[in-house]
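Right, one structure below, let's go through it.
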Amino acid sequence: GERRWGFERPISALAESADGRLLAVAFDRSGGVVFCRGRPERFGEGLDGAQLAFTADDELLVAIGRGEGRSYAMEDGRIARRS
């Protein structure tokens, strides 16, 4: 079935993993949410207006914000900052 989420902040970017398992949403201010198995996990606190991309192998989510870049990996259904 279709799922809907209401966001209280403007969205700056969306990215879907190649295998379709993950959807990342970045907000105009302060990070974003990645959905894994339909469950939201927050990431990127303090990262504003990020652009998002998953690496070709879907192992990392890369988020580039105003003056800062970060990478994240999914571990046991949770997102963890790598660099």
So, over other residues within a Cβ distance under 12 Å of Ile11, counting Lys, Arg +1 and Asp, Glu -1, the net charge is 0
The size of the Cβ-based charge dipole (Lys, Arg +1; Asp, Glu -1) of the chain about the Cα centre, to the nearest 20 debye, is 260 debye
On the formula 1/(1 + (r/R0)^6), with r taken between the Cβ atoms of Asp57 and Ser83 and R0 of 22 Å, the FRET efficiency rounded to 0.05 is 0.85
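Just the C-alpha atoms of the chain: what Rg/Rh do they give, with Rh taken as the Kirkwood radius? Could you put the intermediate results ahead of the total?
On the way: Rg = 11.8 Å, Rh = 12.6 Å.
Here Rg/Rh amounts to 0.93.
Every read-out reported here was derived from the displayed coordinates using simple, explicitly stated rules and does not represent laboratory data. What you are looking at is a predicted structure, and each value in this text was computed from that prediction instead of being measured. Quick reminder, even Gly has a Cβ in these numbers, built from the backbone with ideal geometry, and neighbours come from all protein chains shown.
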